[in-house]
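The values are calculated or read from the model by the stated rules, or taken from the named source; none is laboratory data. Every value quoted in this text rests on a predicted model; they were computed, and no experiment measured them. Counting neighbours? That spans all protein chains shown, and the Cβs are built from the backbone with ideal geometry, glycine included.
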Amino acid sequence: MLAALLLMLQVAGLETMATCRVPDDPQQRSFSLARRDSGWVVVFRARTLDQPSVELPIGAAHVNLAPFGVSYKSANGGRSVEWTASTINLQVNHGLEVNIERDLDPAVDLMNTDGLLACDMGPGPFSAPQADTRPLFTEWIVAAGLARSVNLFQSTRGRSYAVQTVGWGRELTAEWGPGSLRGRFMWAAEAMPIFAQISPSTIYGIGFAPVVWRWNFVPQPRWSAFAELAMGGMWSTEPIPEQTSRGNFTAHWGGGVRLRPYGPHALLVAYRFQHLSNGNQLGSNPGVNAHVVLVGWSYRS
């Protein structure tokens, strides 16, 4: 939440003066000239980013607003901008510039135009929060983890499990919501091809959850978070727990973090509180509640 608050304050401190959009561009690239107390900033947006935008400070650049023109070159030549009302030429080398500006985002390398690009200019400023121009994405998640049951709501402690999951989901909405809760809604489904009770006895099972409601919070430069709620079913070789059926309903709530600088691949770390029971189908409803920690891989496209 603190990271989200800092991002909001950072965006709020920008005054956008003009925006250049690359016409007919599959990457949907745009470059905005913004002003902050510390100087001028170029704000970049594109489909290749896994975050709303990335910023390139250009300090005391030479700027004309009428007619429009921006000219800047750093002392070591690691970043330069030549921008008119019809073209932009931006070159940046993160490896060179991070020695001068420690907080520089590695994603600035995606801003390189590799020569002159045509520009369709539009006015600023943007309202805050800025318009969500990122495309809706789909996601594959493969994860594995361990679980330990707790004595809560007719569940007994001391049961240990190992699980492996495979899930697929698709975002269905653009960003909406207030402040740090702002994000996108994703509907996903998850299979559990491997379920193994390790103690107090060995039992195997499989499961499937056709309803996984996932809320993807606005991504940050090096990580993104989500929360989720899921419902499904599981079938096992022996009743879990004892004196119930081999088929159980399942549900979980939890969340996780995708860790990566940028790109479609991410390391995923997640927690969920897992419940399984027969749903009062047998007159009594013994169940198992467990803390589950998962580590896996996420791929978004």
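The table for this structure:
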{"read-out": "Residue in the stretch 177-196 that is among the charged types (D, E, K, R) and at pLDDT 90 or above present", "value": "yes"}
{"read-out": "Residues of the stretch 257-291 that turn out to be at pLDDT below 90, hydroxyl-bearing (Ser, Thr, Tyr) and assigned to a strand (DSSP E or B), as a count", "value": "1"}
{"read-out": "The stretch 254-267, residues that are more than 11 Å from residue 222 (Cβ to Cβ) and out of contact with any Lys or Arg (no Cβ under 7 Å at 6 or more places or on another chain)", "value": "255, 256, 263, 265"}
{"read-out": "Residue list for the stretch 31-73, filter: touching a strand residue (DSSP E or B) at 6+ places or on another chain (Cβ under 7 Å), under 18 Å from residue 93 (Cβ atoms) and of a type outside the set (A, V, I, L, M, F, W, C)", "value": "55, 57, 59, 72, 73"}
{"read-out": "Residues of the stretch 75-111 satisfying the condition of being surrounded by 14 or more Cβ atoms within 10 Å (Cβ to Cβ) and assigned to a loop (DSSP other than H, G, I, E, B)", "value": "78, 85, 93, 98, 101, 104, 105"}
{"read-out": "Of residues in the stretch 20-74 being surrounded by fewer than 18 Cβ atoms within 10 Å (Cβ to Cβ) and within 26 Å of residue 223 (Cβ to Cβ), the one farthest from the chain's Cα centre (by Cα)", "value": "38"}
{"read-out": "Any hit, the stretch 145-156, residues being surrounded by fewer than 18 Cβ atoms within 10 Å (Cβ to Cβ), more than 19 Å from residue 30 (Cα to Cα) and at pLDDT 90 or above", "value": "yes"}
{"read-out": "Residue count for the stretch 224-241, restricted to those that are without any contact (Cβ under 8 Å) to a residue 40 or more places away in the chain, out of contact with any Phe, Trp or Tyr (no Cβ under 8 Å at 6 or more places or on another chain) and either among the β-branched types (Val, Ile, Thr) or not in a strand (DSSP E or B) (or both)", "value": "2"}
{"read-out": "Every pair of residues 6+ apart whose Cβ atoms lie under 7 Å, when the first sits in the stretch 14-35 and is at positive phi while the second is not acidic (Asp, Glu)", "value": "28/46; 28/47; 28/133"}
{"read-out": "Residue 101 being closer than 30 Å to residue 258 by Cβ, among the charged types (D, E, K, R), out of contact with any helix residue (DSSP H, G or I) (no Cβ under 7 Å at 6 or more places or on another chain) and free of Cβ contacts under 8 Å to residues at least 40 places away in the same chain", "value": "no"}
